[in-house]
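A short worksheet on the structure shown next.
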Amino acid sequence: MISIEELMTIKILHKQGHSKRAIAKQLGVSPNTVNKHLSRDIDKPSYQPRPGVAHKLNPYKPYIKGRIESALPIHLSAVVIVREIKEHGYDGGITRVREHLV
């Protein structure tokens, strides 16, 4: 991943007549990176956000929410919730449940 400053440096050095290999060596990046950014006609590097990851706990979140709401005066532990959702087919661990409860 290169910064906007490095991108501008690549473009400036290229316009000054430096070779792609020399630019790559000076900036400490791959020649392929220099080539990629020179072939694009953009002023900013375009990074895409990573897609969300589907967790094993996602299908059980509505159940957990309802279970917590039904036992509001009493605090349910993650151990109890994991035991209950394992009966419904959850095959994940307790850590994800703890993270969800926080």
### Query
Pick from Glu6, Glu84: which is surrounded by 14 or more Cβ atoms within 10 Å (Cβ to Cβ), over 26 Å from the mean Cα position of the chain (by Cα), in a helix (DSSP H, G or I) and of a type outside the set (A, V, I, L, M, F, W, C)?
Glu84
### Message
Residues that are loosely packed, with under 13 Cβ neighbours inside 10 Å and touching a Leu at 6+ places or on another chain (Cβ under 9 Å): does the stretch 43-65 have at least one?
### Response
yes
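Coordinate-derived values only; no laboratory data. Note that the coordinates shown come from a computational prediction; the quantities given were computed from them, not determined experimentally. Note: ideal-geometry Cβ built from the backbone for every residue, glycine included; neighbour counts use all protein chains shown.
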